[in-house]
Number of protein chains: 4
Amino acid sequence: MNINKYSFLDDYSEGCHPAILQALTKTNLIQHTAYGEDEYSVEARSLIKAQLGNLDSSVFFVAGGTLANIIIISSCLRPHEAVIAASSGHIVVRETGAIEATGHKIITVPPEDGKLTPNGIQQALESNAHFPHMAKPRLVYISNSTEIGTLYSKAELVALSKMCKANHLLLLLDGARLGAALSAAKNDLTLKDIAELTDVFWLGGTKAGALLGEAIIINNPSLAEDFAFHIKQRGALLAKGRLLGIQFVELFKAAPFKSALYFEATKFANEMAQKLSSAIEECNYPLWAQTETNQIFPLLPNALIESLQEQFDFYIWQKVDSSHSVIRLVTSWATDEKKIDQFIHCLRRSVA
Amino acid sequence: MNINKYSFLDDYSEGCHPAILQALTKTNLIQHTAYGEDEYSVEARSLIKAQLGNLDSSVFFVAGGTLANIIIISSCLRPHEAVIAASSGHIVVRETGAIEATGHKIITVPPEDGKLTPNGIQQALESNAHFPHMAKPRLVYISNSTEIGTLYSKAELVALSKMCKANHLLLLLDGARLGAALSAAKNDLTLKDIAELTDVFWLGGTKAGALLGEAIIINNPSLAEDFAFHIKQRGALLAKGRLLGIQFVELFKAAPFKSALYFEATKFANEMAQKLSSAIEECNYPLWAQTETNQIFPLLPNALIESLQEQFDFYIWQKVDSSHSVIRLVTSWATDEKKIDQFIHCLRRSVA
Amino acid sequence: MNINKYSFLDDYSEGCHPAILQALTKTNLIQHTAYGEDEYSVEARSLIKAQLGNLDSSVFFVAGGTLANIIIISSCLRPHEAVIAASSGHIVVRETGAIEATGHKIITVPPEDGKLTPNGIQQALESNAHFPHMAKPRLVYISNSTEIGTLYSKAELVALSKMCKANHLLLLLDGARLGAALSAAKNDLTLKDIAELTDVFWLGGTKAGALLGEAIIINNPSLAEDFAFHIKQRGALLAKGRLLGIQFVELFKAAPFKSALYFEATKFANEMAQKLSSAIEECNYPLWAQTETNQIFPLLPNALIESLQEQFDFYIWQKVDSSHSVIRLVTSWATDEKKIDQFIHCLRRSVA
Amino acid sequence: MNINKYSFLDDYSEGCHPAILQALTKTNLIQHTAYGEDEYSVEARSLIKAQLGNLDSSVFFVAGGTLANIIIISSCLRPHEAVIAASSGHIVVRETGAIEATGHKIITVPPEDGKLTPNGIQQALESNAHFPHMAKPRLVYISNSTEIGTLYSKAELVALSKMCKANHLLLLLDGARLGAALSAAKNDLTLKDIAELTDVFWLGGTKAGALLGEAIIINNPSLAEDFAFHIKQRGALLAKGRLLGIQFVELFKAAPFKSALYFEATKFANEMAQKLSSAIEECNYPLWAQTETNQIFPLLPNALIESLQEQFDFYIWQKVDSSHSVIRLVTSWATDEKKIDQFIHCLRRSVA
């Protein structure tokens, strides 16, 4: 990262919401029980459960998303059981084989708009039915928002949930960017819906303004049994669990629920993305994927990309032809709107 | 933890050094590269390497100690290779089988004063030589300070290192409390010595005043190859790696080296422990283990223990007979000296 | 192995019962379904279940004992669960860390006469109760006959079974030499007893006269679910499963049950061991362990050992002092009684 | 399997070559060293190495193909390393996730004629280069003959070998049906070529007329180090290793090399397949894959398939449309030529 450029590389280039730093400072010297038994973690669990409207769910905090996926999946499955995921899933392409490292095969199917569909699950089941010579599909993994920033509608999640129940499959939702999804203009899901429709999900703090930390929410009580052992065995039980508890208290302490910092922060990121996306469309540059949350994938001429790179950092996502590429722009709770304006200015100048 | 009591349960009941919070606040909104490539992490690695005087070592940061042990051990060993450890080792008794979960057997031998000896290693080698029907010993694990607060002298570490080299064994030192060890009155080791005598070690931030974070230092270059993959695969690559980098900069930025916050903080903890320990001995209560660092194991009458429990939290370590037990008291960088005085007062009153 | 010497090294130095070779030859060119669905395997399962008197048990065949232990243990346990075993257990000292390689810790306790006791289990539970920082004990592993040839009595097995049930522990009996145990003079257990008292056990063919093959018997129906997947995943599903089926038909096809080749063969081995053992005692050489089955552990002068080594192969089990050692002698279904006589002759001459 | 039907289901429905049974019978009561150190195994290793013309290769025997793949792959790779394979590879679709169960990801690419190509490897490398967020490709897995019976030419294997060397990739050839490949009319490879072009391969006994057993041949000496530990740890070290040694002596003892039973047996299977395949083509039924070895994939009308099923057992491989399907027919060393004639008769009648 060049410090002279503004970064749209990701939504984790800054530290955290100032409110979190204030809370850490205020509580710093108070002694608390270790390993997640502190008062803040207890309160954070209550706040999240209140959002769910489901007092039977269990809430656990871990430091990062790959840890969350490792712990959830390896604690759910017996050795011969496999995961079904979209081939674009984070566990498939960005976790260094972490799930396979716990011993489990991932069966992949092509995504549609970045999403797994009941039809995809059906294909996976049919092509993996030669038992016992094939691993047994047992858990379905989806991400919301997806790896390309798209959203599951309530109808889509209901359909996946039914498909899973009908086929004795567990449903796991990776919510690294669940804040962005739930704050999206098009979203019609609530945390309560998600708790009712999945066996387990996690909601990401890191990409919503925490220093680190993800909350795992287990809705299927049989999966919660002995879960703390798995957290510890995978190295995810922080001695100073208060660090996670304090942050999630800040993110969820507001009333009414919708005004929680978690949603405010991700909503702002979405709005910045929408502003940028609209300007891109106004300039008649196509979008490689719909801008539904805080990720934007414009298809731009390479010459423009090079010119933008003088002032901004972002990923070249995919080469399209010899003179065009897709880039990825990510906004966050901390995005400087002036930089959005500056970026739009460059775009407009290019088409002037 | 009862908030009306003062806790000597552990050295991670408070948050972090105020200097760390200040640094986090000051840098909070500056954008930095993710995944440990930020400037603070780069600087922290330099500062630690400067302490080692060994520019060939590689430094990596992870969130916690069990993660450090998992990643180091599983990246070093082939599937048939085993670890030798004292039966009191943290990986043996407090990590929920995390090492075995990566596929490796731990061969245990009884400790002497909490320490592994060349003789213990020799026994492990001799009783595990029926190849290929036995796992092959390949890595020796020690902790400094040990799980009961004792220290390895330089002569002891040299002897272990020689023993390992002579037997084609890797030497790993778990430094969860390495700060306490190096700040101890009796210590004659430096970080440079440890870098020269081990293949890999890690030094703990959590128990030395960081919010979280441990620094892994690889001195055997062959073990550093591809190490970043293992960090990522085990879920330990924090998106906001700056959180670790900033903290280790604060802990090690001082000049001269010895005045680094890392050593100042742990030295204070040791001094508080020494004060308490001396008072215990003056009261003629025996110590179950030597007080060499920040852990104290007095053997007390149960009646006194119960009385102390009205004001203080601590662990009952071991029942000795029907009327006596060993308790564990731990001091830290944040220990309130007035509470030490108050504890000593209770002890003196008991023998008055 | 020196072909000019007679071997008492083990009970697998010869091929197989001639009856097995005849059956293989007779059925050789008949086509049969692969992967253990052949008629012989079906019949063998019936024959074994008839011996158990328990039609709810499930029977599976695999090629070897380590495979049996790997498959049983890894299919039974969740990742955080541990095994309790005697420190002399085969899985502890002779399987190259195979159980740990599946991710599970083994908690060891000292044996008494080679056996695990309820008291040993109690100790293991008490010293592994600091949850979730310790792996959770879940399965108890015993061998009958034990690694030193001793036997569990019915009372002992009942006590272990009760202890396990009371503590939510599964009980696994490794029967690599179960034939030797059940044919022993002192034995008061039946296969039916063992089926009732354990969750799962396996009975060994290899050491009872088969070319290879062990029968896994699952008595706790919840453990049988999907078991075939685990057999396949661990590489133990033989394409020509008939090879295992045919052998177990031969070993168990007799009526009445007690006259099955399985028991006849192991009984002969025990008788040969008894003859040898009695002669050793008559010569006033002490036994390091009771001769209860087909293993004999005499403590002999080194000079005599060297002289015996000119004619016989056997293991030096343990050095006792500068002039004495324990050796291990193993008899089998194929032992040549004339060689027993020759060995006894050497012993007698040594004390003449 | 219906005993009234003749089976073309696979090449492992019968026992073994009569010569093997004779050798087992003849040697049955001779004592030999256990665990693969017997004289027959020693001789079998020499015979295979003589075929290779490469005395630096190491030869090991295991009971089955999945075991061979598990042991080879898990012993070669560090935890973060991945396998590249065709999506039709046996390890991908018929081994119950056995490779993932050892912790390793398999990166799949579409096959061409059942084969992996350098272009496929290139694609896998390019789409898995985002290090360290992706597992690192390290081993390429191919099967010869392939899962659909096709062959690698020498030119193709040379190209793959070069591609692997250029990219620091190990090359593993699964030879479950290597006999069929090397005996094929179109084949231009020798065992020596394969030894020179791969790091490790295995040649299958089970599908070439053994009761069980596969020979692993390691040509890259660094991979042979400590290999015996892995065999033992995965449960593949047979106590009576003689059973494998004796069989491979019979399969390879002939001089000159080409007349070895291993090649005679598989050549016969190929000839039977060719006869059947030619008749299918003469009847103008298309072949879904080229008949290059002992597997035939005719595309037939469902009505004919049903009629054939009255007399023969075979797999329906794939539905093509509402009235046609592909079936799989497999011949073997034991195929009864009269049954081939009978099958051809049915085909001809159908088009008469």
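A compact table of results
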read-out: Of all residues making up segment C:286-328, the number that are within 11 Å of residue C:6 (Cα to Cα) and touching a strand residue (DSSP E or B) at 6+ places or on another chain (Cβ under 6 Å); value: 3
read-out: Single match in D:31, D:22 (criterion: within 12 Å of another protein chain (Cβ to nearest Cβ) and surrounded by fewer than 18 Cβ atoms within 10 Å (Cβ to Cβ)); value: D:22
read-out: Residue within segment A:54-64 that is on the phi < 0 side of the Ramachandran plot, facing chain B (nearest Cβ under 10 Å), of a type in the set (D, E, K, R) and out of contact with any Cys (no Cβ under 7 Å at 6 or more places or on another chain) present; value: no
read-out: Which numbered condition residue D:130 misses (of (1) facing chain A (nearest Cβ under 9 Å); (2) within 25 Å of residue D:150 (Cβ to Cβ)); value: (2)
read-out: Test for residue A:181: is it buried (at least 22 other Cβ atoms within 10 Å of the Cβ) and hydrophobic (A, V, I, L, M, F, W, C); value: yes
read-out: Index of the failed condition, residue D:272 passing every other in (1) in contact with a strand residue (DSSP E or B) (Cβ under 6 Å, 6 or more places away or on another chain); (2) away from chain C (no Cβ under 13 Å); (3) part of a helix (DSSP H, G or I); (4) hydrophobic (A, V, I, L, M, F, W, C); value: (1)
read-out: Residues of segment A:74-112 satisfying the condition of being within 16 Å of the chain's Cα centre (by Cα) and more than 12 Å from chain D (Cβ to nearest Cβ); value: A:85, A:86, A:89
read-out: Any hit, segment A:199-209, residues being without any contact (Cβ under 8 Å) to a residue 12 or more places away in the chain, part of a helix (DSSP H, G or I) and within 9 Å of chain B (Cβ to nearest Cβ); value: no
read-out: Subset of segment D:210-228 [within 14 Å of chain C (Cβ to nearest Cβ), part of a loop (DSSP other than H, G, I, E, B) and not acidic (Asp, Glu)]; value: D:210, D:211, D:212, D:213
read-out: Failed item in (1) more than 30 Å from residue A:31 (Cβ to Cβ); (2) among the acidic types (Asp, Glu); (3) away from chain B (no Cβ under 13 Å), with residue A:250 passing the rest; value: (1)
read-out: Test result for residue D:280, free of Cβ contacts under 8 Å to residues at least 60 places away in the same chain and either aliphatic (A, V, I, L, M) or closer than 24 Å to residue D:184 by Cβ (or both); value: no
read-out: Test: residue in segment D:300-308 that is modelled with pLDDT under 95 and hydrophobic (A, V, I, L, M, F, W, C); value: no
read-out: Residue satisfying all of: in segment B:144-178; of a type in the set (Gly, Ala, Ser) and outside any helix (DSSP H, G or I); surrounded by the fewest Cβ atoms within 10 Å (Cβ to Cβ) among these; value: B:153
read-out: Yes/no for residue B:147 being farther than 27 Å from residue D:79 by Cα and out of contact with any Phe, Trp or Tyr (no Cβ under 7 Å at 6 or more places or on another chain); value: yes
read-out: Residue in segment B:312-346 that is nearest to residue B:294 (Cα to Cα), counting only those that are part of a loop (DSSP other than H, G, I, E, B) and in contact with a helix residue (DSSP H, G or I) (Cβ under 7 Å, 6 or more places away or on another chain); value: B:331
read-out: Checking residue C:120 against (1) crowded, with 19+ Cβ neighbours inside 10 Å; (2) touching a helix residue (DSSP H, G or I) at 6+ places or on another chain (Cβ under 6 Å); (3) in contact (Cβ under 8 Å) with a residue 24 or more places away in the chain, the condition it does not meet; value: (2)
read-out: Evaluation of residue A:68 against (1) more than 14 Å from chain D (Cβ to nearest Cβ); (2) in contact with a helix residue (DSSP H, G or I) (Cβ under 9 Å, 6 or more places away or on another chain); (3) of a type in the set (Gly, Ala, Ser); (4) outside any loop (DSSP other than H, G, I, E, B) (one fails), failing number; value: (2)
read-out: Members of segment D:19-38 that are in contact with a Ser or Thr (Cβ under 8 Å, 6 or more places away or on another chain) and outside any loop (DSSP other than H, G, I, E, B); value: D:21, D:25
read-out: Some residue of segment B:161-183 being within 14 Å of chain A (Cβ to nearest Cβ) and either of a type in the set (D, E, K, R) or touching a Cys at 6+ places or on another chain (Cβ under 6 Å) (or both); value: yes
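Each row is one residue, and each column tells you yes or no for (1) outside any loop (DSSP other than H, G, I, E, B); (2) surrounded by fewer than 20 Cβ atoms within 10 Å (Cβ to Cβ); (3) at pLDDT below 95.
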{"site": "A:230", "(1), (2), (3)": "yes, no, no"}
{"site": "A:236", "(1), (2), (3)": "no, no, no"}
{"site": "A:240", "(1), (2), (3)": "no, no, no"}
{"site": "A:247", "(1), (2), (3)": "yes, no, no"}
{"site": "A:254", "(1), (2), (3)": "no, yes, yes"}
{"site": "A:267", "(1), (2), (3)": "yes, yes, no"}
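Every residue, every condition in (1) modelled with pLDDT under 95; (2) farther than 24 Å from residue A:163 by Cα, yes or no:
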position: A:54; (1), (2): yes, no
position: A:65; (1), (2): no, yes
position: A:73; (1), (2): no, no
position: A:92; (1), (2): no, no
position: A:110; (1), (2): no, no
position: A:113; (1), (2): no, no
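The values are calculated or read from the model by the stated rules, or taken from the named source; none is laboratory data. Quantities reported herein were computed from a predicted structural model and do not represent experimental measurements. Positions of Cβ are generated from backbone atoms using ideal geometry, with glycine treated the same way; all protein chains shown enter the neighbour counts.
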